[in-house]
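The values are calculated or read from the model by the stated rules, or taken from the named source; none is laboratory data. Keep in mind it's a predicted model, so treat the numbers as computed, not measured. Counting neighbours? That spans all protein chains shown, and the Cβs are built from the backbone with ideal geometry, glycine included. Protein only, heavy atoms only, side chains kept; ligands, DNA and RNA dropped before computing areas. Shrake-Rupley method; radii C 1.70, N 1.55, O 1.52, S 1.80 Å.
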Amino acid sequence: MSSQKNKLRLAVAFAALGILALAVGCRGFFVNPTLTSISVAPSTATIDAGPTNNTVQMSATGNFNDGSTGRASVSWTIAPATSGDPIAASIGTSGLVTSTSTVGTMTVTATALQSASITGTATVNVVPPNLVSITISPTGTFHVPTGLTQQFSATGVDGAGNSYDITNVATWLSSNTNAFTIDANGNATASSTAPGSSNITASLDNVTSTATTLVTP
């Protein structure tokens with residue numbers, strides 16, 4: 001009787017080993033999913049320059065090859081969105097972004113600790129607190145030769161009377177894109193085929209200013 005019990009136990013043990021071997025042999029079974037990308041949130045954030053309303057917490061989520069998501073271990077860096085622009089914010093090891101007293105657009109990057117080639121990015125706009133007015137320069141009606149570019153700049157003034165260069169964070173628009181096109185940095189290009197006039201507008205936080213230009217025929 002004892003011999004039969006031993007045989008039964010051995011049979012059960014071998015069956016269990018067989019099932020375990022089969023499971024391990026199955027592709028993906030007991031294998032950790034592979035990190036493929038990182039998502040940073042919020043993808044775009046706006047904070048004030050100066051001592052108040054000046055922080056935002058960033059988070060990183062890992063996306064894996066099995067379709068799952070989870071916490072990603074990352075290192076954080078931050079840099080001006082355009083090379084050469086002022087440093088408008090810093091970032092801590094936990095992903096907390098804190099503005100300086102400078103206005104600008106910053107790019108936040110989360111880099112996976114397990115693979116430096118896997119990164120995720122987000123944008124942080126640092127804007128003047130309590131913006132009350134914008135001044136565009138140059139302003140008025142003037143001539144720009146066809147096919148050439150005119151650089152515009154925008155200065156914002158807050159409720160305390162402090163001035164900020166907001167050229168690279170303002171939204172620029174041309175009222176007549178057939179005559180003028182304008183990029184995100186305030187560079188307006190006069191059309192070489194459709195001369196005419198256009199109102200160039202800079203806006204930020206619901207405050208707007210306009211300059212009128214004229215394309216030379």
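Quick notes on this one:
- ALA154 meets all of the listed conditions (1) exposed (fewer than 14 other Cβ atoms within 10 Å of the Cβ); (2) touching a strand residue (DSSP E or B) at 6+ places or on another chain (Cβ under 9 Å); (3) not β-branched (Val, Ile, Thr) but one, namely (1).
- Candidates PHE30, PHE14 - the one that is among the aromatic types (Phe, Trp, Tyr), modelled with pLDDT under 95, open to solvent by 80 Å² or more (accessible area, probe 1.4 Å) and in a helix (DSSP H, G or I): PHE14
- Of the residues contained in the range 200-210, one or more are found to be among the acidic types (Asp, Glu), open to solvent by 70 Å² or more (accessible area, probe 1.4 Å) and in a loop (DSSP other than H, G, I, E, B).
- Just so you know, in the range 83-119 the residues that are open to solvent by 60 Å² or more (accessible area, probe 1.4 Å) and among the polar types (S, T, N, Q) include one that is farthest from the chain's Cα centre (by Cα), and it is GLN114.
- Residue list for the range 157-180, restricted to those being without any contact (Cβ under 8 Å) to a residue 60 or more places away in the chain and either buried (at least 16 other Cβ atoms within 10 Å of the Cβ) or under 22 Å from the mean Cα position of the chain (by Cα) (or both): VAL157, ASP158, THR167, ALA170, THR171, TRP172, LEU173, SER174, ASN176, ALA179, PHE180
- Scan of the range 120-135 for residues that are polar (S, T, N, Q) and assigned to a strand (DSSP E or B), ordered by number: THR121, THR123, ASN125, SER133, THR135
- Test: residue in the range 67-82 that is open to solvent by 40 Å² or more (accessible area, probe 1.4 Å) and closer than 30 Å to SER191 by Cα: yes
- Lone unmet requirement of (1) touching a residue at least 40 places away in the same chain (Cβ under 8 Å); (2) under 30 Å from ASN199 (Cα atoms) for MET106: (1)
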